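Each value in this text was obtained by applying a stated rule to the coordinates, not by laboratory testing. Since the structure is predicted, the reported quantities are computational estimates derived from the model, not experimental observations. Using ideal geometry, Cβ is built from the backbone for each residue, glycine included, and neighbour counts are taken over all protein chains shown.
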Amino acid sequence: MNLFKISIANLREKKLNSFLSALLLTLGIGMISLLLLLNKQLDEQFKRNLKGIDMVVGAKGSPLQVILSSIYQIDAPTGNIPLAEVNALRKNPFVKTVIPLSMGDNYQGFRILGTTPKYTEHFKAKLAEGHLYNASMEVTIGSKVARDSKLKIGDQFSGSHGLDSEGEKHEDKKYKVVGIFQPSGTVVDQLIITRLSSVWDIHEHSEGAEAPEVAEVEHADGQIHTDPEPDEEGKNVTSALIQFRNPMGLMTIPRQINDNTSMQAALPSIEINRLFSLLGVGIETLRTLALIIISIAGVSVFISLYNSLKDRKYEMALMLSMGATRTRLFLMLLIEGLSLAVIGFFVGIIASRIGLWVFSKSAEQDFHYSLGKFALLPEEIYLFFGALAIGVVAAALPSLGIYRLNISRTLAEE
Amino acid sequence: MISSNQLRFSYSAQKKFSFPDIHCNDKETLLILGQSGKGKTTLLHLLALLLTPESGEVVIAGKSVKNLTPQEITVTRAKNIGIIYQRPHFVSSLSVLDNILLSNYLANQKEDHQKARQLAEQLGFADHLSKKTNQLSQGEQQRVSIARSLMNNPNIILADEPTSNLDDDNCQRVIQLLKKQSAQIGASLVVVTHDQRLKDEFSNQVFL
C-alpha cells in the first residue's frame, strides 16, 4: 500500500472523468508538440537548402514561385530565361558563382535537373556509389530517388515530360544512371541530376523525330523550349542560383536585373520570410487553440477532482481519523492530478509522432520531402514541466480543502 | 483502558453537553445508551479524540491526552483506538483487503496480510477480500469495519451505533464478534447506541 496505489485506484474508480481529463491534455500537448516538430523540421529543411544562395534569377512572375521551384523543387517554374543573359551575370564583379538550372522532365515524379557541377558542389553532395554524370544523358540520382524508384547504376530510363509522372514519355532517348548520392538531407536527395546539355538534347531530339505541330503542343506550357540553334548562346534555361562575393551585390544587382533584363531576381531570404509569416498566422492560430485545449484540460482536472472530493469527503475524514496526516492526503490528491498530466503528456507526445508520420507520408507523396525526425525536442521538456504544473495547480486548488476539513462534523453528518 | 473526567462540550450557546464520567478497563465492556440528540456521537468523538472538550479530560491507556499536540493526538488515536461507525464507510476505490490494510498503512505500521486474512476468516468474509466494499451487504460491511478497527491491536474499541442498521440476526452476530474480538486482544470495548436490543448484552451501562 502506498499513496500512489491509492491515487491510481481513485483514478480508475472515476474512469470516464479521468479519461476526459487525460484526453484533453493529450490533445493539447499533442497539438503543440506536432506544431513544434513541424515548425522545426520545415525550418530546418528550408534553411538547409537555402544556405549560401543569395539570389535566384528566373523568368518574370511570382518571385516566391521562382524560389520554390528553383531551390526547393516544389512549385512549377515561371518560364524560361536565355542562357546568354545568365552567363552575362558572371562578368559582374560582385557575383561569385552562377549555377544555371534547367528542368521540365521527371521520372516517377522525381525531377530531372540539368545543371553544372557547381550545383552538387554547392550542396556538398557526396557520392555513395558510381561516379558523377559526365556525358550527356548520364545521370546521378539522389538517395531517395534510388530508394523509391529502385533505380540502380547502369539502369536506363526515359523521362516524362512535365513535372508530374503523368507526362508524356520521351521514349526514344534514355537516361543512364551512373551514380547515386549519399543522403544529405537537402533537395539533392530527391533529384535526378544531369548535364544541362542532356535536357537540351532530349528536347531537340524529340522535336527532330516528331512532327513539328506535336512538338509545339508538347511545349505549349513553355517550360523547356528547344532552340534550333545548337550553340549555347541561343539556349534557354529555367533559372539560375546566384552567390555574391559580398553583400554589396545584394544592393545593386537585383535592381539591375529587374530593370534591364528579361529576367527577374528573387531574394530567398525575403521570400521565405514572407512565406513563413503567411504560414505563421496558421501556426499561431493552432498554437493558441492548443493552449486553450490545455487550459480546458486543466479546468477538467480541477472540476473532476473537485467533484470527486465532495463525494469523498467522508473518505478523507475517515482516513484522517485512521491516522493519515492532511499533508499525506493532499499529496495523494496531487498525485492524481500529476498522473493525469504525465499520462496526457506521454500519449500526446506519441500522438504527435503519429501525426508527424502521417503528415510526412503525404508530404513525401506530394513534394518528396520527408520529415522523419521523431526524437524528443528540447522544447518538449519544457512542455512536460508545463503539463506537470497544470496537473499540480489543477489538483492543488480543490485539494486545499483537505486542510479545512472538519473530521468530527464530516463523520457525524453521514 | 479509557476513562473520562467531567467532559463538557458546546456547539453553540444553546447546544451544550456535559457528560457523565465513564470508565472502562482493559478486557471490559461498557454500553452507553441514550436517545437521539443526547450527544451520543459527540461523546464518542470526544473519547475518540476527534473533538477537543471544552473542559474535562480523556485518559487513554493511563495517559491524559489533555496537552498533546494535534500530531500526537493523531498518532495516539491511530495506535490506541479502533473506531466503528454507524454506517460503515470505506475508501470506495480500494478492495476490501486494501481497506483493512489501510489501517496499518495510515498508522505507519507494517501491513499484516496474515492478520487481515485471519480476521476475515473469523468474521466470515474471507471470500470477499478482493471485492469492492460496495458489493457487500450492510452486515458484511459492518464486519469488515470491525476487522479494520482491530488491525492495529488497539487498546480501546469505540463503536458508534454499530447495530442500528442491522436486522436482529446480524445485530447479534456483530455484537458477539465485537465482544469476542475485543476480549481476544484485551481491549476495552465502548459501544454508544440507542439500540435497546443491546441492553441485555452488557453488564456495565451508562445512560445519557
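Take each residue in A:7-14, count the other chain C-beta atoms within 10 Å of its C-beta, and the mean is 3. Longer than 31 Å from Cα to Cα, which of A:LYS5/B:LYS115; B:LYS15/B:LYS179; B:LYS79/B:LYS131 are they? Say none if no pair is. Too far apart for the 31 Å limit: B:LYS15/B:LYS179. Note on B:THR133, A:THR115: ascending count of other Cβ atoms within 10 Å places them as B:THR133, A:THR115, the fewest first. Panel order for A:ILE32, A:ILE296, by other beta carbons found within 10 Å of each beta carbon, from fewest to most: A:ILE296, A:ILE32.
Within the straight-line cut-off of under 18 Å between alpha carbons, the lysines reachable from A:LYS310 are A:LYS14, A:LYS15, sequence neighbours fewer than 8 places apart in one chain being disregarded. Less than 5 angstrom separates the built amide H of B:VAL206 from those of B:LEU31, B:ILE32, B:LEU33, all sequence-distant by 5 or more or on a different chain. Whole-Hz Karplus values for the stretch A:62-70 come out as 6, x, 4, 5, 4, 5, 4, 6, 8 Hz, taken residue by residue from phi with 6.51 cos²θ - 1.76 cosθ + 1.60 and θ = phi - 60°; glycine and proline positions read x.
Can you tell me the orientation of helix A:378-399 relative to chain A, as the angle in degrees between its alpha-carbon axis and the longest Cα principal axis, to the nearest 10? Its long axis makes an angle of about 20 degrees.
In the stretch B:2-207, one over the average inverse separation of all distinct C-alpha pairs is 17.3 Å, which is the Kirkwood hydrodynamic radius. Working from Cα positions, state the angle (0 to 90°, nearest 10) between the long axis of helix B:138-150 and the longest principal axis of chain B. Helix B:138-150 and the main axis of chain B meet at about 70 degrees. Can you tell me which of B:SER164, B:SER92, B:SER103 moves the most in a GNM of chain B? Springs connect C-alpha atoms under 10 Å apart. Highest fluctuation of the listed residues: B:SER92.
One equal scatterer on each Cα of the protein assembly as shown, no solvent, Debye formula: the resulting log10 I(q)/I(0) at q = 0.05, 0.08, 0.10 Å⁻¹ is -0.47, -0.69, -0.88.
Peptide B:88-95 shows a mean partner chain C-beta count of 6 within 10 Å per residue C-beta.
Against chain A, whose longest principal axis comes from its Cα atoms, helix A:248-260 is set at around 60 degrees. Distances between placed amide hydrogens fall under 5 Å for B:ILE157 paired with B:GLY82, B:SER188, B:LEU189, B:VAL190, all partners being 5 or more residues away or on another chain.
Both numbers refer to the Cα atoms of the stretch A:27-128; Rg and Dmax are 16.7, 57 Å. Our summary of shape: the Cα atoms of the stretch A:85-185 have principal axis extents of 44, 30, 25 Å, ordered from largest down, in whole angstrom.
By DSSP, the beta bridges lying fully in the protein assembly as shown are antiparallel in about 65 percent of cases.
As a rough guide to protection, the peptides A:104-111, A:393-400, A:240-247, A:333-340 ranked by mean Cβ packing within 10 Å, highest first, stand as A:333-340, A:104-111, A:393-400, A:240-247. Summary of the geometry: the stretch B:10-41 and the stretch A:377-410, compared by the centres of their Cα atoms, lie 41 Å apart.
Couplings 3J(HN,Hα) for the stretch B:22-39, derived from phi with the Karplus relation 6.51 cos²θ - 1.76 cosθ + 1.60 (θ = phi - 60°), are 10, 8, 9, 6, 4, 6, 9, 10, 9, 10, 10, 9, x, 6, 4, x, 8, x Hz, where x marks Gly and Pro. For the stretch B:58-68, 3J(HN,Hα) computed residue by residue from phi via the Karplus equation (6.51, -1.76, 1.60; θ = phi - 60°) reads 10, 10, 10, 6, x, 10, 6, 9, 4, 9, 7 Hz, glycine and proline entered as x. As a proxy for reagent exposure, B:ARG8, B:ARG77, A:ARG404 were ordered by neighbouring Cβ count within 10 angstrom, fewest first; the result is A:ARG404, B:ARG8, B:ARG77. Here's how it looks for A:GLY109: its modeled amide H is under 5 Å from those of A:SER165, which are all 5 or more places away or on a different chain.
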